[in-house]
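Enquirer: Right, I'll just put the structure down here and ask away after.
The values are calculated or read from the model by the stated rules, or taken from the named source; none is laboratory data. Note that the structure is a prediction, hence the values are computed from the model and not measured. Positions of Cβ are generated from backbone atoms using ideal geometry, with glycine treated the same way; all protein chains shown enter the neighbour counts. In case anyone asks, the SASA skips ligands and DNA or RNA and just uses the protein heavy atoms, side chains included. Shrake-Rupley method; radii C 1.70, N 1.55, O 1.52, S 1.80 Å.
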Amino acid sequence: MARQRVLVNELLMDSHQNVILLLQLLLYSWTMEKNTATTIFESLSSGLRLDVYRLLVRKGTEGMVAGEIASTLDVPPTNLSFHLKALTQAGMLTVEAEGRFQRYRANIPLMLDLIAYLTEECCSGHPEQCGDMRAASKCSDAVLPPLSSTQEALKKMNILFLCTGNSCRSILAEATFNHLAPAGWKAMSAGSQPTGQVHPRALALLAREGISTEGYHSKSWDNLPSTPDIVITVCSSAAGETCPAYLGPVLRTHWGVEDPAHATGTDEEIDAAFATAYRILRARIEAFLALPLADLQQDKAKLKAELDRIGTMLA
């Protein structure tokens, strides 16, 4: 919305030729619907129309008359008129009479609104989790909907998921957190008495969920790659497990989950135990990342209270 308000202000301050663009913005920007998006894509399905639109985007508010477009693209004017009409009817272009000529301009606000429509629910409505994907894109941030203010204000933090063996639950939590976390946030895992290997069922489950398993291994808390800011123990107090006590000056919380490595029964029953542990951990991680983290980073007591609350959640 902030970006749209800036566009409105810029259009109002410019010459009266932008009145039509402003009306288009007011009409589309806050009411984009599926049929509107579909119409836009259909209007650009022709290679020539795509060339026309991109050319007019480059020209900005100056625009071009039909003859200039035809000459630049080396297209017969009679062929071009049909495509200009289709783009105008779709709302992609505005047209203004100048004597016996017609000047066309790209409706850039509408295209920005289409981008917002396509991406507004990215990552379950948490665009701050899309940082890595945006970084991999060739699209400039200047034309993408802004990340939330939370993402901009977040300080980088390291999260340690800690248990005894570091073979199942803490690995599941580490991999899932890194899969979902905003840029700059990093999870690691360790055990006070590591088994030395990651349970094959944990790796198989992560692979089925589309989460990378590369580089994850069972390791001791004596060999952490960085100092944690938050330590989350995942051992099960209800099962009588003794949780390791991390003694450093960090924020600590407990998210107990029953150890699926101790599950017995058929393959289906054991797989179900792993799936349950994963669902509980993922639900808690998603709840963690949905918190107003930029604010809570300034109030460690409130952050701990929220993390403790999340530790009581089940899938």
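Enquirer: Can you tell me which residue in the range 162-186 is surrounded by the most Cβ atoms within 10 Å (Cβ to Cβ), limited to those that are closer than 17 Å to Leu291 by Cβ and either touching a His at 6+ places or on another chain (Cβ under 6 Å) or modelled with pLDDT of 95 or more (or both)?
Expert: Of everything passing the filter in the range 162-186, Ala173 is surrounded by the most Cβ atoms within 10 Å (Cβ to Cβ).
Enquirer: Would you check which residues across the range 83-99 are more than 12 Å from Val52 (Cα to Cα) and either among the hydroxyl-bearing types (Ser, Thr, Tyr) or open to solvent by 70 Å² or more (accessible area, probe 1.4 Å) (or both) and list them?
Expert: Gln89, Thr94, Ala97, Glu98, Gly99
Enquirer: Another question about this same structure. Any chance the range 306-314 includes a residue that's within 24 Å of the chain's Cα centre (by Cα) and without any contact (Cβ under 8 Å) to a residue 24 or more places away in the chain?
Expert: Scanning the range 306-314 turns up at least one residue that is within 24 Å of the chain's Cα centre (by Cα) and without any contact (Cβ under 8 Å) to a residue 24 or more places away in the chain.
Enquirer: Please give the helices (runs of 4 or more DSSP H) falling wholly within the range 196-315 in which 1 or more residues are among the basic types (Lys, Arg).
Expert: So the answer is 200-208, 267-289, 300-310.
Enquirer: Next up: Name the residues in the range 84-116 that are part of a strand (DSSP E or B), in contact with a helix residue (DSSP H, G or I) (Cβ under 9 Å, 6 or more places away or on another chain) and small (Gly, Ala, Ser), would you?
Expert: Ala106
Enquirer: What pairs come up if the first residue lies in the range 85-113 and is under 16 Å from Ser43 (Cα atoms), the second is basic (Lys, Arg), and their beta carbons are under 6 Å apart, counting only those six or more places apart or on different chains?
Expert: So the pair list comes out as Leu87/Arg49; Thr94/Arg105.
Enquirer: Which condition number does Ser45 fail, the rest of (1) modelled with pLDDT of 85 or more; (2) more than 30 Å from the chain's Cα centre (by Cα) being met?
Expert: For Ser45, the exception is condition (2).
Enquirer: Okay, next question. Does the range 268-294 hold any residues that are in contact (Cβ under 8 Å) with a residue 24 or more places away in the chain, of a type outside the set (Gly, Ala, Ser) and surrounded by fewer than 16 Cβ atoms within 10 Å (Cβ to Cβ), and which are they?
Expert: Correct list: Arg279, Pro292.
Enquirer: Kindly indicate whether Thr78 is of a type in the set (Ser, Thr, Tyr) and open to solvent by 80 Å² or more (accessible area, probe 1.4 Å).
Expert: yes
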